[in-house]
Amino acid sequence: MTDLSLKLSAVLDRLPVAVALISSTGHLVGKAGGMSEVLGRMAPSFSPSEARRWSFKDKTGADIPMSEWPSARALRGERHYDGMIGTLHDDEDIPVKVISLPVSAPGSDVAAVSFVQALDTRTPSASGSHLDVQQKLIDALARTITDSWRDFAPAMIARRG
């Protein structure tokens, strides 16, 4: 593992975020970040048992179907930097923002990367005001995975839960 990969992993572990590498079948093949322990073995949009721990609602308050959740959309090749705000039902309800993007990592089983961020609903981040920063972070992660798969992925896979 490269020095850059170690630094990135150390930074992510201190933040209220989780980064997940997702296979084309919805399996999490790697994860990192201070919130990574809340992630299961599958992307919630591919597992009814995982999906019970998450909820996403549209502007009218109606449930958004699993097929439209960020990871499902990314695995269809869609790029939506604005992500989706929802709730992770863990020991307590945690407001989160989830951004998922497709990834091209030749020779790997990674098809998408998801970024989960715990939100403080009292700050502007809950309304998406940090979109530009989040977009740059997700792009950088996607490039890192695509360009440095051999260096970055072994650490993520070693942390698989």
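Bear in mind that the values in this text are calculations on the coordinates, not laboratory data. Because the structure is a prediction, the values reported are computed rather than measured. Here the Cβ is made from the backbone with ideal geometry for all residues, glycine too, and neighbour counts use every protein chain on show.
Among 54-61, 90-97, the peptide with the highest mean count of other Cβ atoms within 10 Å heads the list, and the full ranking is 90-97, 54-61. Label positions at Asp109 and Arg53, each projected 7 Å from the Cα along the C-beta direction, are separated by 2.0 nm.
With both labels modelled 7 Å from their Cα along Cα-to-Cβ, the Thr60 to Arg41 distance reads 3.8 nm. Once C-alpha pairs closer than 8 Å and six or more residues apart are averaged by separation and normalised to the residue number of the stretch 62-104, the relative contact order reads 41 percent.
Given the Cα-Cα distance of Arg14 and Asp91 and 0.36 nm per residue of separation, how much length would full extension add, in nm? Working shown, then result.
On the way: separation 77, 0.36 × 77 = 27.72 nm, distance 1.99 nm.
Extra length available between Arg14 and Asp91 comes to 25.7 nm.
Taken one residue at a time, the phi angles of the stretch 108-113 give Karplus couplings (6.51, -1.76, 1.60, θ = phi - 60°) of 10, 9, 8, 10, 7, 10 Hz. Gly and Pro are set to x.
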